[in-house]
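Participant: Handing you a structure now.
None of the figures in this text is laboratory data; all of them are computed from the coordinates on show. None of these values were measured; they are calculated from a predicted model. Cβ coordinates were reconstructed from backbone atoms using ideal geometry, including for glycine residues, and neighbour counts include every protein chain displayed.
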Amino acid sequence: MEDKILNELKQIRELLSELIGTAELPASEKFSKTAIAKAAKEFRKMSIERGEWISNDNINTVIKNVPWVDPGKFIIEQFGFKNHFRHLNKLYLNKKDLIALSQELKERNINLKEYADLLADQSKFRIRVTSINLSTGAKKSLHYKIPDELRNINSKPYSPAIEQLAKNEIETLMQDYKQFDLSVFINLHQGKTYALFKYESDLERYIEPKLRTYYEDWCFRFNYANDALKRILEIKAESEI
């Protein structure tokens with residue numbers, strides 16, 4: 001029985017060596033790391049040629065409206081897309097999984113490029129708010145450094161007046177949004193609490209500079225008021241505990 005098992009294992013090894021293309025190598029090299037890595041590389045190459053994998057610059061053939069710059073990296077980071085690899089310094093994503101992702105995005109009515117624009121705009125908004133909140137004036141040379149983002153670690157009293165001011169500003173801005181039909185250039189996201197000014201760069205010449213400034217200012221005021229209201233309501237909830 002033992003001899004039979006050993007013989008079967010030997011046959012399996014021989015079949016594997018044929019499969020990965022190392023049958024002609026010496027026994028000591030048939031299953032070396034180098035041989036297996038070479039076989040894996042060749043297998044990936046054949047998989048790419050069969051169309052099972054989509055390169056980074058061809059993802060738009062499977063998912064429409066992907067970000068222009070490095071769409072594969074964006075998909076991997078934002079959706080935890082695991083089925084990917086690099087070959088000859090080029091990123092490839094599994095076509096089958098990309099199709100499944102595309103279908104779900106379609107069902108959820110998500111334009112991937114607009115989602116990328118939204119994330120980028122939110123990042124710029126945070127940076128702008130932080131720069132406004134930072135104190136100005138000459139900085140002294142100190143023997144310590146507190147990170148700029150480390151602040152407001154203390155309880156705050158809830159202010160009904162500030163809450164109402166934020167709500168009033170949001171209401172006024174929404175009235176303008178409806179009255180002047182700002183939806184043509186401004187999209188509202190996240191339960192209509194975040195505004196994103198949308199325009200095509202090649203059509204920019206048809207938007208008057210004053211109007212563009214107005215749209216951008218409206219978005220900033222709307223986002224700031226909603227952000228402030230969110231923090232105020234969080235403080236209110238904490239004070240009621």
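Participant: Taking amide H atoms as placed 1.01 Å from N in the peptide plane, list the residues 5 or more away in sequence, or in a different chain, whose amide H sits under 5 Å from that of Leu91.
Facilitator: For Leu91, the qualifying residues are Asn56.
Participant: Exceeding 18 Å between C-alpha atoms, which entries from my cross-link table qualify? They are Lys167/Lys236; Lys106/Lys198; Lys64/Lys113.
Facilitator: Working: Lys167/Lys236 14 Å; Lys106/Lys198 20 Å; Lys64/Lys113 9 Å.
Exceeds cut-off: Lys106/Lys198.
Participant: Tell me which residues come under 5 Å, amide H to amide H, from Ile186 once H is placed; ignore anything under 5 positions away on its chain.
Facilitator: When sequence neighbours closer than 5 places are left aside, the close amide H contacts are Lys198.
Participant: Rounded to two decimal places and with Rh computed the Kirkwood way over Cα pairs, what is Rg over Rh for region 51-109?
Facilitator: 0.93
Participant: Roughly what would the spin-label model give for Lys90 and Phe180, points 7 Å off Cα along C-beta, in nm?
Facilitator: Computed distance between label sites Lys90 and Phe180 equals 4.8 nm.
Participant: Ok, one more. Could you list the residues of region 179-196 with an amide nitrogen less than 18 Å from a label point located 7 Å from the Cα of Gln78 in the Cα-to-C-beta direction?
Facilitator: 187-196
Participant: Could I have the simple spin-label model distance between Asp217 and Glu238, label points 7 Å from Cα toward Cβ, reported in nm to one decimal?
Facilitator: Taking the two extended label points, one gets 3.3 nm.
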